[in-house]
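Here is the structure we will look at, set down as structure tokens.
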Amino acid sequence: MSKGGFGFERAMIKLALQTVAVAIAVGVLVWLFTGFFESNDPHESYKVETPAERPPIKNGIAEAQALAKIGPMEYWRKEFPKGDFDQMTVDPAGIVTAVDFGIVQALDQPIFQPVSEARGSVSKKEPVISIVFNNDARAYPLRTLMWHEVVNDTVGGVPVAVTYCPFCDSGIVFDRRLGDELLDFGVTGKLRASNLIMYDRETESWWQQFTGEAISGAHAGERLIMLPARMESVASFQARHPDGQLLIPTDRGSNPYGRNPYPKYDSRTGPFTTYYDGPYHPAVPPMARVVAVGDKAWSLAYLRQRGRLKEGDLVITWEPGRLSALDHLFVSQGRDVGIVTVERRTENGLVSIPFQLTFAFVYYAFNPLGTLIGAPDQADAEWE
């Protein structure tokens, strides 16, 4: 082969190698950009990094509106054959599917350990829902409730449902007794105004977690009794009840306990519009936390500036020491949002009463005519 021919062949090989290199580089860039821009939904972008997290969200409001035109009850009856969806107190178009039925499983046989032995399983400032009946004190960490949302338990002889809705940050405890019935609760996988809808297994009636009211079925229009509870830290609970019990997962490998599937959710300007698109309170930011008693509420920012608030016979306090479960990827590293207590003055002293701690958009959705005292005194004061 002549020198000229060899040079031409070498040039062709070099050109081919350059073409392959360019193709590989383009392929890598396409893969990177596709992965980065694939979804604007925070669930999906998070799910790419942590495939063990919850399944992808449904198409929420759009899906609900489409189903409403063709009768969503027919679909719901397949999942809840005992449910009477002809007895419904709300517009079915406002009910959205977050996850398929059966994905989120309530805990029915919870197990506990002494809070004094919980040093390695949960950090001291992590949030818990705590209740005390007849000297039986128990705490339910949000790191666990995040993945189950409902715990059926009996505390001091009182049958209770300990409930938590991550999208509302609302932890509420109900008496499971309704008249002569004893109910067990599960998770429908559906939301209304971004709030958890539970169901009872006896009649498959659906219950709104924030209000405790049945919105469909044989119990439509009835309400559960809300019980006094606190959203506090492990350390605060242990200080009040050194012999208290702490909920632990029945199967530690079934969920990534301690991880928040919605990082920075409570720092958003509003909730996921997939589940709720307004209306919002005209003066208080949608994601500002509020403390509600009946039809009146106060923003956490307003309460935090005062530390202690007296309203009629109510005494409401705020102090630092509890982490947000909806801030950091890991619950143990969330920011401090404080501990709220609500008590009523009686002849026998201060008595804890039920209250709701949630986001402003949730309170306004269910109490549009309620009074919300929101603005901090200083214009530059931070909302919480």
Failed criterion for Ile103 (all others in (1) crowded, with 16+ Cβ neighbours inside 10 Å; (2) touching a Gly at 6+ places or on another chain (Cβ under 8 Å); (3) hydrophobic (A, V, I, L, M, F, W, C) hold): (1)
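Can you tell me which of Leu246, Leu191, Leu224 is crowded, with 22+ Cβ neighbours inside 10 Å, more than 20 Å from Asn367 (Cα to Cα) and of a type in the set (A, V, I, L, M)?
Leu246
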Meets criteria (touching a Leu at 6+ places or on another chain (Cβ under 9 Å), of a type in the set (Val, Ile, Thr) and either surrounded by 20 or more Cβ atoms within 10 Å (Cβ to Cβ) or in contact (Cβ under 8 Å) with a residue 40 or more places away in the chain (or both)) for Val290: yes
Residue check, Arg240 outside the structural domain of Pro320 (by TED's automatic domain parsing), basic (Lys, Arg) and over 14 Å from Arg138 (Cα atoms): no
Odd one out for Leu145, checked against (1) under 13 Å from the mean Cα position of the chain (by Cα); (2) closer than 26 Å to Tyr280 by Cα; (3) hydrophobic (A, V, I, L, M, F, W, C): (2)
Some residue of segment 146-156 being more than 19 Å from Met226 (Cβ to Cβ), of a type in the set (A, V, I, L, M) and modelled with pLDDT under 95: no
Residue tally, condition assigned to a strand (DSSP E or B), farther than 23 Å from Thr188 by Cβ and among the polar types (S, T, N, Q), over segment 113-153: 2
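Listed here are the residues, each with its yes/no results for (1) assigned to a loop (DSSP other than H, G, I, E, B); (2) of a type in the set (A, V, I, L, M, F, W, C); (3) modelled with pLDDT of 95 or more; (4) buried (at least 20 other Cβ atoms within 10 Å of the Cβ).
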{"residue": "Thr211", "(1), (2), (3), (4)": "yes, no, yes, no"}
{"residue": "Glu232", "(1), (2), (3), (4)": "no, no, yes, yes"}
{"residue": "Ser236", "(1), (2), (3), (4)": "no, no, yes, yes"}
{"residue": "Pro242", "(1), (2), (3), (4)": "yes, no, yes, no"}
{"residue": "Ser254", "(1), (2), (3), (4)": "yes, no, no, no"}
{"residue": "Gly270", "(1), (2), (3), (4)": "yes, no, yes, no"}
In segment 215-242, the residues that are closer than 15 Å to Val155 by Cβ and either touching a helix residue (DSSP H, G or I) at 6+ places or on another chain (Cβ under 9 Å) or polar (S, T, N, Q) (or both): Arg230, Phe237, His241
Within segment 317-338, considering residues that are among the polar types (S, T, N, Q) and more than 15 Å from Met146 (Cα to Cα), the one farthest from the chain's Cα centre (by Cα): Thr317
Residues of segment 154-193 classified as assigned to a loop (DSSP other than H, G, I, E, B) and basic (Lys, Arg), total: 1
Unique residue being among the acidic types (Asp, Glu), free of Cβ contacts under 8 Å to residues at least 60 places away in the same chain and within 20 Å of Ala235 (Cα to Cα) when the list is Glu311, Glu343, Glu319, Glu347: Glu319
Among (1) of a type in the set (D, E, K, R); (2) touching a strand residue (DSSP E or B) at 6+ places or on another chain (Cβ under 8 Å); (3) in the same structural domain as His328 (by TED's automatic domain parsing), the one test that Arg230 misses: (3)
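The values are calculated or read from the model by the stated rules, or taken from the named source; none is laboratory data. None of the values given here were measured: they were computed from a predicted structure. Using ideal geometry, Cβ is built from the backbone for each residue, glycine included, and neighbour counts are taken over all protein chains shown.
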